[in-house]
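Note sheet for the following structure.
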Amino acid sequence: MKPYAFVQLSRKVEYAPLRPRNVLDPKLHHGKWLIRGCTLTPLIVRSGKILLHENRLVYGPILQNGHPVIPGSSLKGVVRSIYEAISHSCIQQPQGKKKDLTRYLPPEKQSPCMTQDRICPACQVFGFVGRGKENVAKSLVSFTDFLLQGQAKDWLNTELIPQLYQPRLEEAIRLYLDDEDVLQRKFYYHGTPETGQGSPTLVLKPGAVVEGEIHYQQMTDEELGRLAFSFGFGDPAFALKVGYAKPAYLGSIQFELVDVLPYQRLGFHSQPINRETILEYSRPFQQKMRMQVNQLLDIMDYDKHRHRTWQTNHQGQKGY
């Protein structure tokens, strides 16, 4: 069984002018969310550094004042990938050798957002960098780092992590286009972690709790609802996959929206809003993007897939 499946992306892109960033619109939403995450499997955010832990050389995690963190930039990338899959958004141009994939995209998906007068839903919220200094859009949402709660020594463990690989260019073309040449996005299943062989790595244990915030401004009802869905909030809720070794069934984490704090300052009060209202905002777009939403919910269903494992070949070797 492959550790991943695909969500078929929309063939069309919806464009709108860039929303102003420098003046707060009282009819839009501004504020912050307090968010908590709990790991369901071991989770790895490698720093790239090797350190000595319990008399053993291991790959170390990213630390902030001695505490492991999930960088806000990493989580933002995960959330954006879901947001793009459940909206009529562009596809950011691949980098390096993968630029060769561009010619396989449908014509309407070949040109990512480049100018402020014509940007897609995902670039409106998460920002983009186009051609020239004037064609840049600041993100409407910012993520803090998500900090481990409790003592690091209680929630770090050494696991042996198998070596993983990236598909060749030709393989990527086969994987990301379906039989009708419709573009798809890969998402990894949850499953039983494949550990016990490979590189010693410090991981966050299952049950570890991290907390952080996101700050937002100038967002519509639908954008807040789509963002909440992309975090896995709602009914049904679903867990995300974050960090290294997702193909080995690591990195499962469930997030919850703890509190919603509208922006308040002298002379400006953002409209009050609560968690239940935000989740209601997610319902209309789920109807419009029903196929993509259903495919994603099936892939990200932790209880359904938690017992998935790598297959063993005739030589007794496990892999995917």
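The values are calculated or read from the model by the stated rules, or taken from the named source; none is laboratory data. Just so it is clear, the model here is predicted, and its values are computed rather than measured. Counting neighbours? That spans all protein chains shown, and the Cβs are built from the backbone with ideal geometry, glycine included.
Tabulated data for the structure shown
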| read-out | value |
| --- | --- |
| Scope region 61-87; condition surrounded by 19 or more Cβ atoms within 10 Å (Cβ to Cβ) and either modelled with pLDDT under 90 or more than 15 Å from the chain's Cα centre (by Cα) (or both); matching residues | Pro61, Pro68, Val69 |
| Complete set of residues in region 1-28 that are under 22 Å from the mean Cα position of the chain (by Cα) and either surrounded by 15 or more Cβ atoms within 10 Å (Cβ to Cβ) or of a type in the set (S, T, N, Q) (or both) | Pro3, Tyr4, Ala5, Phe6, Val7, Gln8, Leu9, Ser10, Val13 |
| Of residues in region 277-320 being at pLDDT 90 or above and not in a helix (DSSP H, G or I), the one farthest from Phe229 (Cα to Cα) | Trp310 |
| Residue satisfying all of: in region 272-299; in contact with a Lys or Arg (Cβ under 8 Å, 6 or more places away or on another chain) and not hydroxyl-bearing (Ser, Thr, Tyr); farthest from Met1 (Cα to Cα) among these | Phe285 |
| Hits in region 181-201 (condition: of a type outside the set (Ser, Thr, Tyr) and closer than 28 Å to Glu84 by Cα) | Asp181, Val182, Leu183, Gln184, Arg185, Lys186, Phe187, His190, Gly191, Pro193 |
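Residue-by-condition table, conditions (1) modelled with pLDDT under 95; (2) surrounded by 22 or more Cβ atoms within 10 Å (Cβ to Cβ); (3) aromatic (Phe, Trp, Tyr); (4) out of contact with any helix residue (DSSP H, G or I) (no Cβ under 9 Å at 6 or more places or on another chain):
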position: Leu164; (1), (2), (3), (4): yes, no, no, no
position: Arg168; (1), (2), (3), (4): yes, no, no, yes
position: Asp179; (1), (2), (3), (4): yes, no, no, yes
position: His190; (1), (2), (3), (4): no, yes, no, no
position: Thr195; (1), (2), (3), (4): yes, no, no, no
position: Leu204; (1), (2), (3), (4): no, yes, no, no
position: Asp221; (1), (2), (3), (4): no, no, no, no
